[in-house]
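The values are calculated or read from the model by the stated rules, or taken from the named source; none is laboratory data. Predicted, not measured: the structure shown is a model, and the values here were computed from it. Using ideal geometry, Cβ is built from the backbone for each residue, glycine included, and neighbour counts are taken over all protein chains shown.
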Amino acid sequence: MGEFAKGGLLLSAIETEGLTPEFRELVHAAARQELTKWGIDRFSIVALADRNGLPVDEILEFWTDEAALIMDVLLDGAGREAAPPDTGSLRDDLYALAVGMAAYLGSDQGHQIQGSHLIGEPFLDGIEIRRTLWRVRVQRLGIVFTRARDRGELRDGIEPAVVLEMLLAPINMRALFTGEPIDEQYCRLMADLVWHAVRS
């Protein structure tokens, strides 16, 4: 069983025993469509099953609730298996992260899925899903900053989550709000600005 933790509390769970790759991808594909159309706040497993001719009981057998399915889909879409960059320098790692986010947002699916994160209604479940997704992603990328600290590149007291917010927020702003280009030069500029702000 897969779990997503909120602090020390279990937020949602995925039962993987008996879940075939084919059924998982079928449900994921339907869920991605639902998320791009309705967003996180209006996502419903019952509606997903009805619109796609899928057995709702079987979906709930593996994903205990909407939060479990949303997080499974979005963490997978953002690159469940993608390794954090390891270029040997924090400056280039930040650039690689910026380029990776730009490429993800530049794809049709990535742009639509990222747009589903926008907060439409600040109700508790939706907020906690977003916060848990972000915490998991920060945790996965934490090794980038551990290596940088070990190399003496990072100032004391710098939190990885804050560095990632500084780096990725402007890219998301351009992709989701202003539509301005996000090219390699812009990614390098953002990476260098953040690097200068946090380096030792």
- Message: Among the residues of region 140-158, are any surrounded by fewer than 16 Cβ atoms within 10 Å (Cβ to Cβ), under 25 Å from Ala67 (Cβ atoms) and polar (S, T, N, Q)?
- Response: no
- Task: Please state which of the following conditions Ser12 fails to meet, knowing it meets all the rest: (1) crowded, with 21+ Cβ neighbours inside 10 Å; (2) modelled with pLDDT of 90 or more; (3) not in a loop (DSSP other than H, G, I, E, B).
- Result: (2)
- Task: Filter region 35-65 for residues that are in a helix (DSSP H, G or I), buried (at least 16 other Cβ atoms within 10 Å of the Cβ) and more than 17 Å from the chain's Cα centre (by Cα) and give the result.
- Result: Ile45, Leu48, Ala49, Ile59, Leu60, Phe62
- Item | Residues of region 154-175 satisfying the condition of being in a helix (DSSP H, G or I) and of a type in the set (A, V, I, L, M) | Ala161, Val162, Val163, Leu164, Met166, Leu167, Leu168, Ala169, Ile171, Met173, Ala175
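Conditions (1) among the small types (Gly, Ala, Ser); (2) part of a helix (DSSP H, G or I); (3) in the same structural domain as Leu35 (by TED's automatic domain parsing); (4) modelled with pLDDT of 95 or more, marked per residue:
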residue	(1), (2), (3), (4)
Gln114	no, yes, no, no
Pro122	no, no, no, no
Trp134	no, yes, no, no
Ile143	no, yes, no, yes
Gly152	yes, no, no, yes
Phe177	no, yes, no, no
Gln185	no, yes, no, yes
- Here are some residues: Gly157, Gly126, Gly110. Which one is out of contact with any strand residue (DSSP E or B) (no Cβ under 6 Å at 6 or more places or on another chain), in the same structural domain as Asp92 (by TED's automatic domain parsing) and on the phi > 0 side of the Ramachandran plot? Gly157
